[in-house]
Amino acid sequence: MTGKKQNDMETKKLTRVDYIFRPDNTCLDTLKKSLRRDRDEIILELIDSGLKGRGGAGFLTGLKWKLAKEAAGDVKYVICNADEGEPGTFKDREILDRVPRRVFTGMALCGYVIGSKEGFLYLRAEYKFLAPKLMSIMAEMNQEFKKLGLDFTLNIRYGSGAYVCGEETALIDSMEGRRGEPRNKPPFPVTEGYLNKPTVVNNVETFVNCTIIMGIGAEEYKRFGTDSSRGFKLFSVSGDCSKEGIYELELGMLLSDFVEEFGDGDTKAVQVGGASGFCVPRKKFNQTIIGFEGIPTGGSMKIFNSSRSMYHVLHNYLEFFEEESCGQCTPCRVGCQQLLKGIEAVKSKQRSSSYLDELVKLAKVMKVASKCGLGQSVGNAFVSIVDNFREEIIY
Amino acid sequence: MINMINLTINNIPVSVEEGTTIIEAARRLSIRIPSLCNHDDLCVSGNCRVCVVEQVGNPTLQAACATPVRENMQILTNSMMVMQARKTIIELLLSEHNADCTKCYKNGNCELQDLSNEYRIGNQVYIDLIPLKHYTIDQSSPSLIKDDSKCIRCQRCVRTCSDLQAVSALSAAYKGSEMKISSFYDRPMHEVICTNCGQCINRCPTGALTERNYIDEVWDAIYDPGKHVVVQTAPAVRVALGEELGYDPGARVTGKLVTALRRLGFDSVLDTDFTADLTIMEEGTELLTRLKKVLVDKDTSMALPMFTSCSPGWIKFIEHTFPDLLPHLSTCKSPQQMFGALAKTYYAQKKGINPKDIVSVSIMPCTAKKFEATRPEMRDSGYQDVDYVLTTRELAIMIKQAGIEFMKLDDEDYDRFMGESSGAGVIFGATGGVMEAALRTAYEIVTGREVPFQNLNITPVRGMEGIKEAEVKIENVKPDWSFLEGVTLRVAIAHGLANAKRLMTAIRDGKVVYHFIEIMACPGGCLGGGGQPIPTNLEIRKKRAEAIYAEDENLPIRKSHENPEIIQIYQEFLGEPLSHTSHELLHTHYVPRKRY
Amino acid sequence: MANTEMLVKELADKYGRNRESLLPILQELIDERRYVNDETMINVARELDLSAAEVYGTASFYSFIETEEVGKYVIRLCKTIVCDMKGKENVLQAIENTLKIKVGQTTADKKFTLKTTNCLGWCHKGPAMLINDEVYTELTPGKAIDIIESYINK
Ligand SMILES: Cc1cc2nc3c(=O)[nH]c(=O)nc-3n(C[C@H](O)[C@H](O)[C@H](O)COP(=O)(O)O)c2cc1C
Ligand code: SF4
Ligand code: SF4
Ligand code: SF4
Ligand code: SF4
Ligand code: FES
Ligand code: FES
């Protein structure tokens, strides 16, 4: 994943769209319509739409539902991942605040398709202030499902301040009352998830997209984005930026267009995808596509201008990971500490600058040998910042 | 039908059953993939990552212990990417580890040390994190020491304590760089529900969990000319000690053990098997008495089934977890403690030695016995009945320290008295052994005939199944025991505390009905005890069990009540089973403890 | 405190006695008590038939489940990069000076505990903080002091 634009790759202009935040009062009609459809047909339409998960990993959503549907077992679960802990990401909060029905409809659809009777919203503790409202809407929706003859009940569970619980298997551990220690995969949650039953875990925005696709149809949806990155996506824009906030943009744009739109004119680097994403320096803006063919992102776009110390940025990320690693596996638990202490030692001249090369090697080992996505992605920020801003780290 | 999966490992094709992990498949090809968190006895964790291998076409490495094989997989266990990752991971572990091997108790028997040796980890690449951490060493327990500075957080101990022992005295706590293995609120180990079974020690790959050793204290006693040092050896020691001293698992080294102990300078080398036989006399009689009281006298204060009481890890477990079932426990002390009480009374009298000058040492497969020796109830001789408990491992260390070439030793015999034993005493070391020994004697007391099993081998109670059951129909009894005529004696056996917990729960819920139950805290019984040689696994435990039963078969006396020294001690000293003296010295009581 | 025992029993009745109920129970205990001490955890362990160490190990994993005593109001100021860029350090100092405590400490009157935390999901309006479940954004030192003072007077 170099983030480099290939010569012949299709790109899209930066285009704002408005689907996600449209009023959500028509969602039930969409659901009603869909419940009359064949389950496999819905799956086919989702696969056809090209929708990939919006939580970061980018797995084809239709395929995930298909696997869960085909998994053996009477009891299955739908989980909406609202743990949104990736630094610089805040779009799921906004969705849940403004259009929760669109999310819940997506979950109910999933329940219908895979044959699940129970869905959970796993809400991070930091968003607990949303709970009263969400619960009353849930209750209302549960009634509606009943009226529609859909045997599906929504429930809520809370996180308790652990970033790693956004990782789907850690989330499941957490729901089971355990430490959020990611599991070995396989088995994947679609076959052995919550309480070892087949489980679909999707991001908040993914469920929203499912609802939208059921409403407008895959054909219409496919008009947006590129071959590898269909549709549109919410971007959480923050940092040194003229207009921070949440924007719904078509996928496949060039980072340079993005910076032109949102930067403050002095942008030195953009961190795409949060602390676990990549840092792109100015000179690569016009070669970087935002999408699964370039740099995929859960939506976090953090903009740094030339007044920022990239050492400081990296240090902050590493502190984050050192604390938020679940701590079970060696490369991640010890690796995070070593990267953090390592750049401190280089900065303070206790270690020579060549130690950075050792650390880059270490970061690459973490990438391939860690147990879960957290440890595997620490190297993204580390290598991209050290590669592009080596001087700032040393001096 | 079992599905076979074809794959290649290092370009060598292999076909294995579906569900096999990569590490197991590699083993079939005699390719060893290093591992730390993985253990044959435990569920898979996949956290240490030293077993990572390359799967051609996959950008990330796979944990060989946790990844099942798939059709057409191409696995490389030694590619450049793998080697670099493996070495880095070992270096990372060492950077968080207080690697002072030369001063470490596990020096020479440490999986982390072996790995760093194999990979020739030289000068530390990474920053030493040890000074940045606030590690503590918990020496509060008489049985074990927990040194967090040696812990690699593989969680084998956590899984042992929960999966095998159903105790969960240890858990991972906190996260990130602060993650550690902790008791409840990090309380000292002697204050928590730890049973001192030592199973976690057997599976800890490093020096983070070790037995509390009393080697120096025992040397001091041996060197003290004013002390008469007696030593007793538990049945399971003789079939395992060899593993520490050059033999393969399953070697019987009884005679060499005796010789070595003499050479170490113990004044008298005696056998716990003797008090194992004595236990059978007392416990068997106690069982018959209880049966009589319940069946004939309709005495409701007597609890049935009766549980055996010779495993101190089990005792502490039931005290914490099922205090309401304590009346079911036999009041018999463990053979170690019976021996201790007799050493400073009967033995002292016969030898004309002042008991205060006797130092009583026992060699045990067990760490819980260290705790047991310190219990306040265990001072019936007027002194601490057993002064020092050494594990099989500690004895091996002493033998090495003394420069004894163990394999070349001649066989010698135990001293007399309290050195004679029957095969029944020996099989105490295996799960089901106490039951078998008790049945051999009790059946004969009641009917006057030998147990109706070929060659006295009561095979239904043998073997490694977690919970075993057996029935013995009692017929044509002697007149004294007429109330037992036609009764089918129902017995059960559990080993490993998780199995014990299942059985206890079933009993408490009234789902099962038995007369007599044998429980051993450790998997396999004492032969799998927490003080036995490391490593342990099912195969090794089976070998040790075979050795125990072979030892039994080879002894001239196979029944406790026929041991001449047993007959003698009742004549000279105790009178009869459950006599006043017996009660004073050989029986005990239990204390309910808090589960939390 | 027989009180604790009752409360935990009630919660176990409400959420169930499976392991899955552990977090909901701990979370509600946090809502009620702000932290779970050893006695509370022991009660939870007993109700759910877990070992106390398991409850402790699980509770200590989660940074919002406090296992040491904290004040009535737990302030969690975001320390992650965007809030940091926007002046979280000055805000932190202002709070420290107002409450006369450092990060990690609790005021003598047990009213406030000051903590830092990771991204709260309000980066575009940083610096942000939580006081218990309440969110405050676009903080300045002055604004933070006003907010704290409103709690002092509560
Ligand atoms: C450390 C880590 C944190 C994650 N956090 C989140 C999160 O907060 N929200 C989310 O939707 N997915 C998160 N994910 C991704 C999930 O594991 C999972 O892939 C996702 O929920 C699947 O949903 P999707 O297919 O709809 O994206 C995280 C992954 C990792 C490794
Ligand atoms: S990579 Fe990090 S977060 Fe993931 S399992 Fe390993 S230690 Fe836990
Ligand atoms: S635990 Fe092993 S590696 Fe560590 S100091 Fe002891 S012997 Fe050496
Ligand atoms: S104490 Fe031993 S077994 Fe337990 S985690 Fe540490 S190294 Fe592993
Ligand atoms: S000695 Fe036994 S009970 Fe104690 S922590 Fe180890 S395994 Fe658990
Ligand atoms: S042995 Fe496979 S991860 Fe530890
Ligand atoms: S960085 Fe502070 S809220 Fe995101």
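The values are calculated or read from the model by the stated rules, or taken from the named source; none is laboratory data. Computed from a prediction, not measured in an experiment: that's the story for all the values here. Positions of Cβ are generated from backbone atoms using ideal geometry, with glycine treated the same way; all protein chains shown enter the neighbour counts.
Of the numbered criteria (1) touching a helix residue (DSSP H, G or I) at 6+ places or on another chain (Cβ under 9 Å); (2) away from every other protein chain (no Cβ under 13 Å); (3) not aromatic (Phe, Trp, Tyr), the one C:Lys79 fails is (2). Residues that are crowded, with 21+ Cβ neighbours inside 10 Å, in contact (Cβ under 8 Å) with a residue 40 or more places away in the chain and not aliphatic (A, V, I, L, M) were ranked within segment A:248-269; the one that is farthest from the other protein chains (Cβ to nearest Cβ) is A:Gly252. Within segment A:65-87, the residues that satisfy the criterion of being more than 30 Å from A:Lys302 (Cα to Cα) and more than 14 Å from chain C (Cβ to nearest Cβ) are A:Trp65, A:Lys66, A:Leu67, A:Ala68, A:Lys69, A:Glu70, A:Ala71, A:Ala72, A:Gly73, A:Asp74, A:Lys76, A:Val78.
Residues in segment B:206-231 that are without any contact (Cβ under 8 Å) to a residue 60 or more places away in the chain and under 30 Å from B:Ala99 (Cα atoms): B:Asp216, B:Asp220. The residue list B:Ser15, B:Ser35, B:Ser45 contains one member that is farther than 20 Å from B:Glu539 by Cα and surrounded by 13 or more Cβ atoms within 10 Å (Cβ to Cβ), which is B:Ser45. Out of the residues in segment B:475-501 that are among the aliphatic types (A, V, I, L, M) and assigned to a helix (DSSP H, G or I), which is farthest from the chain's Cα centre (by Cα)? Checking each candidate, the answer is B:Leu484. Scanning segment A:289-310 for residues that are modelled with pLDDT of 95 or more and surrounded by fewer than 24 Cβ atoms within 10 Å (Cβ to Cβ) gives A:Asn305, A:Ser306, A:Ser307, A:Arg308, A:Ser309, A:Met310.
Yes or no, residue by residue, for (1) more than 22 Å from B:Leu36 (Cβ to Cβ); (2) modelled with pLDDT under 95; (3) in contact with a helix residue (DSSP H, G or I) (Cβ under 8 Å, 6 or more places away or on another chain); (4) away from ligand 7 (no atom under 16 Å from the Cβ):
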residue: B:Thr136; (1), (2), (3), (4): yes, yes, yes, yes
residue: B:Gln139; (1), (2), (3), (4): yes, no, no, yes
residue: B:Ile145; (1), (2), (3), (4): no, no, no, yes
residue: B:Ile152; (1), (2), (3), (4): no, no, yes, yes
residue: B:Ala166; (1), (2), (3), (4): yes, no, yes, yes
residue: B:Ser177; (1), (2), (3), (4): no, no, yes, yes
residue: B:Phe184; (1), (2), (3), (4): yes, no, yes, yes
residue: B:Arg187; (1), (2), (3), (4): yes, no, no, yes
residue: B:Gly207; (1), (2), (3), (4): no, no, yes, yes
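Only residues that are without any contact (Cβ under 8 Å) to a residue 40 or more places away in the chain, within 11 Å of chain A (Cβ to nearest Cβ) and assigned to a loop (DSSP other than H, G, I, E, B): list them for segment B:148-200, please. Across segment B:148-200, the qualifying residues are B:Tyr174, B:Lys175, B:Met179. Taking segment C:43-65 as the range and being closer than 25 Å to C:Gln105 by Cα and surrounded by fewer than 22 Cβ atoms within 10 Å (Cβ to Cβ) as the test, the residues that pass are C:Ser63, C:Ile65. Answer yes if at least one residue in segment A:362-381 is more than 10 Å from ligand 2 (Cβ to nearest atom) and either more than 30 Å from A:Phe59 (Cβ to Cβ) or in a loop (DSSP other than H, G, I, E, B) (or both), and no otherwise. No, segment A:362-381 has no match at all. Do we find a residue being within 13 Å of chain B (Cβ to nearest Cβ), at pLDDT 95 or above, crowded, with 19+ Cβ neighbours inside 10 Å and closer than 24 Å to B:His97 by Cβ anywhere in segment A:377-391? Among the residues of segment A:377-391, at least one is within 13 Å of chain B (Cβ to nearest Cβ), at pLDDT 95 or above, crowded, with 19+ Cβ neighbours inside 10 Å and closer than 24 Å to B:His97 by Cβ, which makes the answer yes.
Annotation note: of A:Lys197, A:Lys185, the sole residue that is more than 9 Å from chain C (Cβ to nearest Cβ), farther than 21 Å from C:Glu54 by Cα and without any contact (Cβ under 8 Å) to a residue 40 or more places away in the chain is A:Lys185. Name the single residue that is nearest to ligand 3 (Cβ to nearest atom) among those in segment A:105-146 being assigned to a helix (DSSP H, G or I) and within 18 Å of the chain's Cα centre (by Cα). Restricting to residues being assigned to a helix (DSSP H, G or I) and within 18 Å of the chain's Cα centre (by Cα), the top hit is A:Ala125.
All of B:Val231, B:Val253 fail the test of being of a type outside the set (D, E, K, R) and closer than 24 Å to B:Ser143 by Cβ, apart from B:Val231.
Among the conditions (1) in contact with a strand residue (DSSP E or B) (Cβ under 7 Å, 6 or more places away or on another chain); (2) touching a residue at least 60 places away in the same chain (Cβ under 8 Å); (3) among the charged types (D, E, K, R), the only one that A:Lys117 does not satisfy is (2). Residue by residue through segment B:502-541, note down the ones that are part of a loop (DSSP other than H, G, I, E, B), surrounded by fewer than 24 Cβ atoms within 10 Å (Cβ to Cβ) and in contact with a Pro (Cβ under 7 Å, 6 or more places away or on another chain). Matches in segment B:502-541: B:Tyr514, B:His515. Those residues that are of a type in the set (A, V, I, L, M, F, W, C) and either buried (at least 24 other Cβ atoms within 10 Å of the Cβ) or within 16 Å of ligand 1 (Cβ to nearest atom) (or both), I need them from segment B:165-191; list them, please. If the condition is that a residue be of a type in the set (A, V, I, L, M, F, W, C) and either buried (at least 24 other Cβ atoms within 10 Å of the Cβ) or within 16 Å of ligand 1 (Cβ to nearest atom) (or both), then B:Val167, B:Ala169, B:Leu170, B:Ala172, B:Ala173, B:Met179, B:Ile181, B:Phe184 are the ones that fit. All of C:Ala52, C:Ala2, C:Ala12 fail the test of being modelled with pLDDT under 95 and either over 29 Å from A:Asn196 (Cβ atoms) or not assigned by TED's automatic domain parsing to the domain that holds C:Glu134 (or both), apart from C:Ala2.
Scanning segment B:26-41 for any residue that is away from chain A (no Cβ under 14 Å), touching a residue at least 24 places away in the same chain (Cβ under 8 Å) and within 16 Å of ligand 5 (Cβ to nearest atom) turns up at least one such residue. Exactly one residue among B:Cys43, B:Cys37 is assigned to a loop (DSSP other than H, G, I, E, B) and either out of contact with any Ser or Thr (no Cβ under 6 Å at 6 or more places or on another chain) or in the same structural domain as B:Cys161 (by TED's automatic domain parsing) (or both), and that residue is B:Cys43.
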